[in-house]
Structure formats: C-alpha cells, structure tokens
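Encoded as structure tokens, the structure appears first; notes follow it.
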Amino acid sequence: MKKVFTHPKSMRDVSTHYCAGCGHGTAHRLICEIVDELGIREKIIAIAPVGCAVIAYDYWDFDCSEAAHGRALAVATAIKRVRPNNIVFTYQGDGDLAAIGTAETIHAANRGENLTVIFVNNAIYGMTGGQMAPTTLLGQRTATTPDGRRAETEGYPLKVSEILSQLPAVKFLERTSLHSPQEIIKTKRAIKQAFQNQINKVGFSLVEILSPCPTYLGITPEEALLWLKDVMIKEFPLGRLK
C-alpha cells in the first residue's frame, strides 16, 4: 500500500517563523493531523500561549483564543465550562506552564478539569532571550545562569509531570520526545489519546513533549536532537506516568 504525505486540512499553508531545528513546527503538525483524524476541527478550541508559540493560531486553521502569560488553563477552564461540548486544549511552553502559570496548572489539574494540555518542554525561555526556565538542567548555561544552573542558588529542574501525577483527579500523563522519528510517532499517539480522553469525558490529560531549542542551546539542530536523547531524557525520563 502506498502512503502519501499530505498537508493536514487543519494546518494553514504559511511559512514558519520558528528557528531552524525548533520542535514547535513538528508538534503543531501532529496536533493538526490528530484533529483531522478525529474529525473535531469544527469543535476544537485552542488556547494559544505567551512564548515562542504565541502565534500558533497563524498555523492552525481552527478556532483559537489568546491568553495572558501563564493563564491558559484558567481561560481553557472558563471556555470548557460554558461550552462543554467543545474540545478545548492548551498549548504551553515550560516558562508559561511551569513558571508564571504554575498555580493555574496545578489547580486545574487538581480540579480534574476535562481538558487536554500539550506541554512543550525545551528547558529554556525561547521568546525572551534564553533565560533559565523552571525545567533548565543543572549545569546548563543560559542568559541568566552563564556559569550553569546550580542547585544551591537556582534549585533543581521542576518535574511538572511527576508533581501532577500525585493528584487523584489527573487521569492521563505521558512524557514523550521529538528527537527521532520513532519518538515522534509515540508523541502523536500520546496526544491523540489525550484528545480522545476529553471526547470520552475522562478528565484532565497532559502530554509533556521534550523539544529541541538549538538557538539557545547554542548548537546545531542535529546536535540539539542528540542533546535531547543523551542529556535531557536522563533528567526527564520518557514514558506514561499515569
């Protein structure tokens, strides 16, 4: 059987603004493929973040709403409660979801809101200049940790999925990566499950995606994929947590 690589109907035919080697474009496409496959394009509402993916709605050809920095899950909660038949999801980076949005994340999860969360973890702030993020690794150099992150001064990398796994109202958690074709396929499966859970009214679902940021790692796109595989995954192990 011949397989044909086609353009998802849910993705706009526009040029990307992302840096070479960035994982956001891949994640965007996976979401669009899933929306088409599930037939939910006319029902879905995305909550766009503040961060590198702040203009995700320029790429997605379905309804989107913007949210203030870190407030995506508060906005998503409100929309889902007034429009329970819509499929509502947030798409957030580690600075948005795990720093300024920590409270919104934890409390939406603790309430068991029937939402889908796509959490893109690239271990750094991308849009604002490469500062240390909550998920930055120990020893990792950033604009605000030029000598490397130190536990005694900046604390340890925040493991959001492990924290949320302790909450009884959270129904689905999986951490995946974009460092290889095999892992991209697993990422798509996890995202699809998270959307299917919402359709089936299962409850709060989150997929954490480890994604490369060659620009602020200061390495090539190829090296960034290897860094995910050989370094980042040791700190953030892949797999289903719940």
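The values are calculated or read from the model by the stated rules, or taken from the named source; none is laboratory data. No experiment lies behind these values; they were computed from the predicted model shown. Reconstructed Cβ throughout: ideal geometry from the backbone, glycine too, with neighbour counts over all protein chains shown.
With (1) under 28 Å from Lys80 (Cα atoms); (2) assigned to a loop (DSSP other than H, G, I, E, B); (3) touching a residue at least 12 places away in the same chain (Cβ under 8 Å); (4) not hydrophobic (A, V, I, L, M, F, W, C) as the list, and Gln166 as the residue in question, which single condition is left unmet?
(3)
Give the residues of the stretch 138-162 that are in a loop (DSSP other than H, G, I, E, B) and under 30 Å from Phe195 (Cα atoms), sorted by residue number.
Matches in the stretch 138-162: Pro157, Leu158, Lys159.
So if I check each of Ser161, Ser205, Ser180, which one is of a type in the set (Gly, Ala, Ser), within 19 Å of His28 (Cα to Cα), at pLDDT 95 or above and crowded, with 16+ Cβ neighbours inside 10 Å?
None of the others qualify; the one that does is Ser205.
Just to verify a result, which residue in the stretch 67-88, among those that are modelled with pLDDT under 95 and more than 15 Å from Val117 (Cα to Cα), is surrounded by the fewest Cβ atoms within 10 Å (Cβ to Cβ)?
Ala68
Across the stretch 26-62, which residue is surrounded by the fewest Cβ atoms within 10 Å (Cβ to Cβ) among those that are out of contact with any helix residue (DSSP H, G or I) (no Cβ under 8 Å at 6 or more places or on another chain) and closer than 25 Å to Thr102 by Cα?
So the residue we want is Ile55.
Which pairs turn up if I take residues in the stretch 169-198 that are over 22 Å from Gly112 (Cβ atoms) and of a type in the set (Asp, Glu) and look for partners that are modelled with pLDDT of 95 or more and part of a strand (DSSP E or B) with beta carbon separation below 8 Å, at least 6 apart in sequence or on another chain?
Every condition considered, the pairs that remain are Glu183/Thr176; Glu183/Ser177.
If you take the residues of the stretch 89-111 that are out of contact with any Ser or Thr (no Cβ under 6 Å at 6 or more places or on another chain) and among the charged types (D, E, K, R), which of them is surrounded by the most Cβ atoms within 10 Å (Cβ to Cβ)?
Asp96
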